[in-house]
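Structure first, then comments.
The numbers here are math on the coordinates, done by the rules we state, and not lab data. Treat the numbers as computed from the prediction; the structure is a model and nothing was measured. When we count neighbours, we look across all protein chains shown, and the Cβ atoms used for this are built from the backbone with ideal geometry, even at glycine.
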Amino acid sequence: MAARRDYGGTDEGSWPGSGRGTEVRPWERLPKESPPAFEAFACYRDLGARRSFVAVARQVGKDESLIRRWADRHGWKERVWQYDLFSDREAQIGGERG
């Protein structure tokens, strides 16, 4: 298993705040993530089972090598893993209520 990245949070499982006293969820824009890098991440996140850096590069019109650098720098794989867990939990909760 890959080592957990340090995103600047105060304890394991926390993510950097927005600077306004609130925590940022890992699938939201990180404080040091540029708008174009976040746009590419959001595309990757939203592709679901079809996720690939090639697909993101095509959709956002950037070189695949740049997408890979952003993905590594900003921990995309772990962030989408966290997003998928959250989405699955929300779907389960919604199913229990309905």
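Couple of notes before you dig in:
- Identity of the residue in region 50-98, among the hydroxyl-bearing types (Ser, Thr, Tyr) and surrounded by 11 or more Cβ atoms within 10 Å (Cβ to Cβ), that ends up farthest from Glu28 (Cα to Cα): Ser52
- Every residue from region 31-45 that is assigned to a helix (DSSP H, G or I), surrounded by 14 or more Cβ atoms within 10 Å (Cβ to Cβ) and not aromatic (Phe, Trp, Tyr): Ala37, Glu39, Ala40, Ala42, Cys43, Arg45
- Test for Asp72: is it free of Cβ contacts under 8 Å to residues at least 60 places away in the same chain and farther than 17 Å from Glu33 by Cα: no
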